[in-house]
There are 2 protein chains.
Amino acid sequence: MVERNEETIQATKTSFEVVHTLQEIGPARLSEIAAELELAESTTHRHLQTLHDMRYVSRDGERYQLGLRFARLGRAAQTRDPAYEMTQRHVEALAEETGERAQFVVEDHGLGIYLHVETGSQAVRVGFGVGRQIHLHSSSAGKAILAHYPRERVDEILDQWGLPAHAANTITDREELYEELETVRERGVAFNREEHVDGLNGTAVPVKRDGRAIGALAVAGPSHRLTGEWLDEEIPDMMLAAANELELNATYASDAGSRDHIVE
Amino acid sequence: MVERNEETIQATKTSFEVVHTLQEIGPARLSEIAAELELAESTTHRHLQTLHDMRYVSRDGERYQLGLRFARLGRAAQTRDPAYEMTQRHVEALAEETGERAQFVVEDHGLGIYLHVETGSQAVRVGFGVGRQIHLHSSSAGKAILAHYPRERVDEILDQWGLPAHAANTITDREELYEELETVRERGVAFNREEHVDGLNGTAVPVKRDGRAIGALAVAGPSHRLTGEWLDEEIPDMMLAAANELELNATYASDAGSRDHIVE
DNA sequence: GTCATGAGTTCCGCTATGCGGAACTGATAA
DNA sequence: TTATCAGTTCCGCATAGCGGAACTCATGAC
């Protein structure tokens, strides 16, 4: 019984599952993690020890938790494309101008990831929601991105993640989605009318580079407030202006950054 | 030759080294990564494939890069303690009031990690520096933290990382550092006069909880500008006020956060 | 067209490595 | 003292991960 399964490393998977468990349940004891993952305690111990050695996990007496090395790694991922950083000020401006929640969303592995989130008036929870993942078919940003992807890539993504219903108006039919994407492509703007969360509307425009969507700017808010001309025209115009400016700045300058005494 | 070495998992280490390489050199081809780590290409391929399967690595045609899942993980690490989040607005306020760079630094594995960084006037590079690591002995924040750690823990840290010189005034002698920490403890404020980078001064105060330092608020800037009463009295007073307020807010409320349709 | 090059992927045999269970340790409490 | 329980170390076994070689699949030279 040799049966070479897919070429993949079990130990690595397990280690990342340990990390993921810590992300989910926060500081935890070895026994909790072992139970959660249904692993032998000796095995769990070995994984935690390895991760601890590498400073990806810290321990506070009897509890293990995520190491702050991940903060660095997270920033590196978030700035892996210089264009990602340039969107920040536009997101801030949009939040300011609209008073609603403004976002910059990017596609990775077929999901939408919030890279910048800014809430307009109530400036609470700064950075809240960053890194969060959503399905592309049920959000304005996702549709703005998909509309500018080749059909085959769209199919791949839908095959991988399906079209689960999140709210009353979620599009769950492939054909219907194709039509919607066609509309989005023509208009250059995507809308979300309670498709992701009941009571929440949104609108988004793609940010393109070399004709390919690298992400989307979006604004979201309660459906009673985001409606009419405000939703249909005014907010899209602001976003289009921002997207346009971003696209003109094709000078994606990459700077080395000052490196003083960084410890690795 | 059995020789059980330290209980640690090689495959996990290698996988994280691959991740670390991607963090360092950015988008890279398989062959580059294999060369960098002196691994067989087949081995490198297996690691990358595993990481890709788990969405911790993405590939853009012929190049691999960090997956945006790390953005989420990074945020989780950065907010692993509710107190960390509460410092953000104080850092912003300090940057605003002083016009200099304000920071909140935490200790992890014996190093200082910047969790919040805000630059005063020139609001460029938002979030730049977050996650960066520094030695504790040569920064004001580090000294503020060490001053409130038990002696044995300080020794552990110094054993682990030593006291490397970074600038002309870096304290490289243990005894001298102990004395300095004593002074810091008495005064409640730490200073850095070109000990970390030539031409750069700084000052910091600890943020304590249950008598233990959980981090430090710091302000840094060019030594010609950060000097005299401004450095010695005025900035420390602002920071002490902020730290005091933080410590009074012992109501470290933990909220569950709204969880809508999060994809894992 | 052939041949060459080179990056990436798959195959394959070997054994080092990661696995779980059991034994051990050390702290806390009855 | 014994009991309990979390965490750590030990240990033998088989499997899972390793590197080298073979194979693909582009791309390009001639």
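The values are calculated or read from the model by the stated rules, or taken from the named source; none is laboratory data. Predicted model, so just to flag it, every value in this text is computed and none were measured. Cβ placement follows ideal geometry from the backbone for every residue including glycine, while neighbour counts extend to all protein chains displayed.
I'm trying to understand the selection: among the residues of region B:15-71, which are of a type in the set (Lys, Arg) and away from DNA strand C (no atom under 11 Å from the Cβ)?
The answer is B:Arg55, B:Arg69.
For residues that are within 24 Å of B:Val106 (Cβ to Cβ), in contact with a Lys or Arg (Cβ under 8 Å, 6 or more places away or on another chain) and more than 10 Å from chain A (Cβ to nearest Cβ), tally how many sit in region B:51-95.
2
Counting just the residues of region A:26-51 that are within 23 Å of B:Val18 (Cβ to Cβ) and surrounded by fewer than 17 Cβ atoms within 10 Å (Cβ to Cβ), which one comes out nearest to DNA strand D (Cβ to nearest atom)?
A:Thr43
State which residue pairs qualify: first residue assigned by TED's automatic domain parsing to the domain that holds A:Arg63 and under 15 Å from A:Lys13 (Cα atoms) and inside region A:27-41, second residue in a loop (DSSP other than H, G, I, E, B) and among the hydroxyl-bearing types (Ser, Thr, Tyr) in any location, beta carbons under 6 Å apart, and separation of 6 or more residues or different chains.
none
Listed here are the residues, each with its yes/no results for (1) surrounded by fewer than 21 Cβ atoms within 10 Å (Cβ to Cβ); (2) without any contact (Cβ under 8 Å) to a residue 40 or more places away in the chain; (3) of a type in the set (Lys, Arg).
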site	(1), (2), (3)
A:Leu115	no, no, no
A:Glu118	no, yes, no
A:Gly131	no, no, no
A:Gly142	no, no, no
A:Arg151	yes, yes, yes
A:Asp159	yes, yes, no
A:Thr183	yes, yes, no
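Mind checking which residues of region B:193-218 are surrounded by fewer than 24 Cβ atoms within 10 Å (Cβ to Cβ) and either closer than 18 Å to B:Arg153 by Cα or of a type in the set (Val, Ile, Thr) (or both)?
Of everything in region B:193-218, those that are surrounded by fewer than 24 Cβ atoms within 10 Å (Cβ to Cβ) and either closer than 18 Å to B:Arg153 by Cα or of a type in the set (Val, Ile, Thr) (or both) turn out to be B:Val197, B:Lys208, B:Arg209, B:Asp210, B:Gly211, B:Arg212, B:Ala213, B:Ile214.
Every residue in region B:136-161 that is within 11 Å of chain A (Cβ to nearest Cβ) and assigned to a loop (DSSP other than H, G, I, E, B), please.
Once the filter is applied, which keeps residues that are within 11 Å of chain A (Cβ to nearest Cβ) and assigned to a loop (DSSP other than H, G, I, E, B), region B:136-161 yields B:Leu136, B:Ser138, B:Ser139.
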